[in-house]
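Below: one structure, written as structure tokens.
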Amino acid sequence: MNKTTLRAAAALLLFAFLLSFISCGDKPAETAPVNPETSAVPVETEPADPLASYDLGGDVIRIYTSVDATDATNANALIEGSGEENGEVVNDAVYKRNLDVSELLNINYEFTHANEDYFSVQPAIQKIVLAGDDVYDLIVNDIYPLANLALEGMFRDVSQNPVFDFEAGYWRQEYMKDLSVVGETQFIMAGDYFMDVLCSAHALYFNKQLIENIKGDPDYVYKLVLDGEWTTDAFLGVSSAGYQDLNGDTKRNRGDIWGFSCIGMWGAAVPFMLCGDLEFVSRDESGGVTGYALNNERAATALGVMKNIFYDDATYPDFTDIPSMVSNFASGLSVFVGYQRVGDFDSYRDTEFDIGIAPYPKLDAEQERYVTATHDTTEIGVIPITSSKYDNACVAVEALCRETERTVLPAYYETALKIKYARDDITSQMLDIIRGNIRVSFPTAYNGYMNSDFLYNVFSVPLSGGSADFASNMAKIETRADATIEKMIEQMESIGD
């Protein structure tokens, strides 16, 4: 038998063996028929909307909203809107938000315009409340006058109303807690519906071409910010290298290129006063204010840093109006420009060079987070004690804040700022950092009540005189500041007694 015949025989024997094994072994288990009704993958359902159970019966929520044109920012267009769709993305988002909440809660709105500046609006609201006039359910206006009126017991404490979810992302909880004076009380609301908290947030704008000329990289500032290394020293290092005698007259004057340009040493210095994450007041475990706490080494360091910045040879602080300062920067004559807000991004979309935006720097490298300051004209919300619709107003505000996060904020933040005006992705990251660190609201809100002993007298007065002598200046005001804080605490504790 040859080899081929042997291989064929072996193959036949192997086949017969396998066939015998299969026929004698256990049969495979039969598969049960599939019942599509019982075997389908469970479908996850969204939790019930906690606000859907409210039917306010067509109630009219009366809103007293600021339209003051003299303010640095005004967000009535994001509160009231135009009242109709017009094809503009942000306006249409505001219209949809208002309509959605109206249909969800079965409410209507009545808007009354407050064309008052932040000095005149305080007595105007005070007059209404003291007269007991039940005319408004929500007031939207500047934080400076409303904080003063809160100390007089003009507004409702919303901290215990069960409809509010202050843990939700559409509330600026840290910002609001910093406004509290006594324990867990909350008289001032700062949620996404009050969009001016974002619009009025301070930000540094810079000329990316000039940054590249100085550092060889237009993204130099961005990289420092993202690495957590954007400090006042880093800012000054770039700014001080930015001066150029452009007009060739050997004198430092208007027409040259400056490292940092701004308006004076008060408003333009405020974000520098706050970006160092200073302790302005001490607090107890419940969050209540216990005393004045600004006499410390860190505050003294901050004053010295501000003197270095505002008296640097490359700084031009002598603009007297915002339009000329903005025009100067837009003409390419400054590396950085101060006293600008997030809402000012629109002013620079037509520049011939790329605009950068960054948070204000940390005081030092040890500081954990950046601090975005808002100004004393930031518009927030309060419910007057004269409103007969307190509970309905709270429901409406909660819904409006929530729907703003869902509808208006994406339109404004993603479309108007990030996509429509921002020219690169990293700018979007800067806006995220600026927005995510809006806090430290107490000193701007109550500086007036404190006789300016939080900001102006502590920092701006010595700064304008070219001095960094913090200790001598503090000795003049600390006793008075201590007494004012005690009065503030007593005043708030007496509310409701």
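The values are calculated or read from the model by the stated rules, or taken from the named source; none is laboratory data. Values in this document were obtained by computation on a predicted structure and should not be read as measured data. Don't worry about glycine lacking a Cβ; one is built from the backbone with ideal geometry, like all the others, and counts go over all protein chains shown.
Scanning the range 373-432 for residues that are β-branched (Val, Ile, Thr) and farther than 30 Å from Asn207 by Cα gives Ile380, Val382, Ile383, Ile385, Thr386, Val395, Val397, Thr404, Thr407.
Confirm whether Val440 is within 28 Å of Val135 (Cα to Cα) and β-branched (Val, Ile, Thr).
no
Residues that are assigned by TED's automatic domain parsing to the domain that holds Thr320, touching a residue at least 40 places away in the same chain (Cβ under 8 Å), over 22 Å from Ala269 (Cα atoms) and not aromatic (Phe, Trp, Tyr) are absent from the range 359-374. From the list Phe310, Phe329, Phe336, the lone residue that is touching a Pro at 6+ places or on another chain (Cβ under 9 Å), at pLDDT 95 or above, hydrophobic (A, V, I, L, M, F, W, C) and under 30 Å from Asn253 (Cβ atoms) is Phe310. Do you know which of the residues in the range 110-145 that are among the hydroxyl-bearing types (Ser, Thr, Tyr) and touching an Asp or Glu at 6+ places or on another chain (Cβ under 8 Å) is farthest from Asp391 (Cα to Cα)? Among them, the one singled out is Tyr118. What about Ala75, is it touching a helix residue (DSSP H, G or I) at 6+ places or on another chain (Cβ under 6 Å), within 27 Å of Ala93 (Cβ to Cβ), hydrophobic (A, V, I, L, M, F, W, C) and modelled with pLDDT under 90? Taking the combined requirement at face value, the residue satisfies it. None of Asp346, Asp321, Asp245 is within 23 Å of the chain's Cα centre (by Cα), loosely packed, with under 14 Cβ neighbours inside 10 Å and over 30 Å from Ser472 (Cα atoms) except Asp346.
Every residue, every condition in (1) modelled with pLDDT of 95 or more; (2) not polar (S, T, N, Q), yes or no:
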position: Phe194; (1), (2): yes, yes
position: Tyr220; (1), (2): yes, yes
position: Thr250; (1), (2): no, no
position: Arg254; (1), (2): no, yes
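When each of Asp453, Asp424, Asp432 is tested for being over 25 Å from Val94 (Cα atoms), of a type in the set (Asp, Glu) and surrounded by fewer than 19 Cβ atoms within 10 Å (Cβ to Cβ), the lone residue that passes is Asp424. Scanning the range 407-420 for residues that are touching a residue at least 60 places away in the same chain (Cβ under 8 Å) and surrounded by fewer than 17 Cβ atoms within 10 Å (Cβ to Cβ) gives Pro410, Thr415, Lys420. Scanning the range 130-143 for residues that are surrounded by fewer than 22 Cβ atoms within 10 Å (Cβ to Cβ) and in contact with a helix residue (DSSP H, G or I) (Cβ under 9 Å, 6 or more places away or on another chain) turns up Asp133, Val135. Only one of the numbered conditions (1) over 23 Å from the mean Cα position of the chain (by Cα); (2) polar (S, T, N, Q); (3) surrounded by fewer than 19 Cβ atoms within 10 Å (Cβ to Cβ) is not met by Gln122, and that is (3). Can you go through Asp142, Asp100 and tell me which one is of a type in the set (D, E, K, R) and touching a strand residue (DSSP E or B) at 6+ places or on another chain (Cβ under 8 Å)? None of the others qualify; the one that does is Asp142.
The combined condition, being out of contact with any Lys or Arg (no Cβ under 6 Å at 6 or more places or on another chain), under 22 Å from Tyr446 (Cα atoms) and not hydrophobic (A, V, I, L, M, F, W, C), is not fulfilled by Ser240.
Name the residues in the range 104-116 that are surrounded by fewer than 16 Cβ atoms within 10 Å (Cβ to Cβ) and not in a strand (DSSP E or B), would you? Give the derivation first.
Just the residues of the range 104-116 that are surrounded by fewer than 16 Cβ atoms within 10 Å (Cβ to Cβ), to begin with: 106, 108, 110, 112-113, 115.
If the condition is that a residue be surrounded by fewer than 16 Cβ atoms within 10 Å (Cβ to Cβ) and not in a strand (DSSP E or B), then Asn106, Asn115 are the ones that fit.
If the condition is being in a loop (DSSP other than H, G, I, E, B), surrounded by fewer than 23 Cβ atoms within 10 Å (Cβ to Cβ) and within 29 Å of the chain's Cα centre (by Cα), then the range 253-264 contributes only Gly264.
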